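Student: Sharing a structure, written as structure tokens. Questions coming.
The values are calculated or read from the model by the stated rules, or taken from the named source; none is laboratory data. It should be emphasised that the depicted structure is a prediction, and the values quoted were computed from it without experimental measurement. Reconstructed Cβ throughout: ideal geometry from the backbone, glycine too, with neighbour counts over all protein chains shown.
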Amino acid sequence: MTTRHTGTDATPPKSACPDCHVGIGQTHLEGCDVARCLATGLQRLGHAASCRCPQDIWTGRWPGEADCAEFGWMLGPGLPDLTRLLTTATWDPVAHRWTRPSKPTTTTEGETR
Ligand SMILES: [Zn+2]
Ligand SMILES: [Zn+2]
């Protein structure tokens, strides 16, 4: 067990999706801006019509926010560094989550605010 939890950085979960308004644990409606393609981790609106990914679920958090918090990639409270996530992390289409590159570039770089 590790205690590398940052905890307070994350915003409290929202009970409904800001775009399609489904509740936590429900699948996003078709055309929702927030829903992700679970094959690529990118916006579902942009995925190919032939994509066979399963429906994404509203978790109460903006997609990627929990991953940023876990990786310590926060710009500030409630401000996940999603750009860094998209450019640096790799989407795992099986686990439906982001994974950090196995070789960390630098360890002290994140303090720039
Ligand atoms: Zn939605
Ligand atoms: Zn897809």
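Student: For the range 3-23, does any single residue satisfy the condition of being at pLDDT below 95 and within 16 Å of ligand 2 (Cβ to nearest atom)?
Tutor: no
Student: Look at TRP73 and say whether it is crowded, with 16+ Cβ neighbours inside 10 Å, more than 16 Å from ligand 2 (Cβ to nearest atom) and modelled with pLDDT of 95 or more.
Tutor: yes
Student: Still on this structure, please answer the following. Within the range 87-103, count every residue that is assigned to a loop (DSSP other than H, G, I, E, B) and not hydrophobic (A, V, I, L, M, F, W, C).
Tutor: 6
Student: Can you name the residue in the range 24-46 that is small (Gly, Ala, Ser) and in contact with a Cys (Cβ under 9 Å, 6 or more places away or on another chain) and is also farthest from ligand 2 (Cβ to nearest atom) among such residues?
Tutor: GLY31
Student: Every residue in the range 13-48 that is touching a Lys or Arg at 6+ places or on another chain (Cβ under 9 Å) and of a type in the set (Ser, Thr, Tyr), please.
Tutor: Listed by number, the list is empty, since nothing qualifies.
Student: Among ALA49, ALA66, ALA39, which is the only one that is part of a loop (DSSP other than H, G, I, E, B), away from ligand 1 (no atom under 14 Å from the Cβ) and in contact (Cβ under 8 Å) with a residue 24 or more places away in the chain?
Tutor: Of ALA49, ALA66, ALA39, the one residue that is part of a loop (DSSP other than H, G, I, E, B), away from ligand 1 (no atom under 14 Å from the Cβ) and in contact (Cβ under 8 Å) with a residue 24 or more places away in the chain is ALA39.
Student: Then there is this: Would you please name the residue that is farthest from ligand 1 (Cβ to nearest atom), looking only at residues in the range 9-36 that are touching a Pro at 6+ places or on another chain (Cβ under 9 Å) and either among the hydroxyl-bearing types (Ser, Thr, Tyr) or farther than 22 Å from CYS68 by Cα (or both)?
Tutor: THR11
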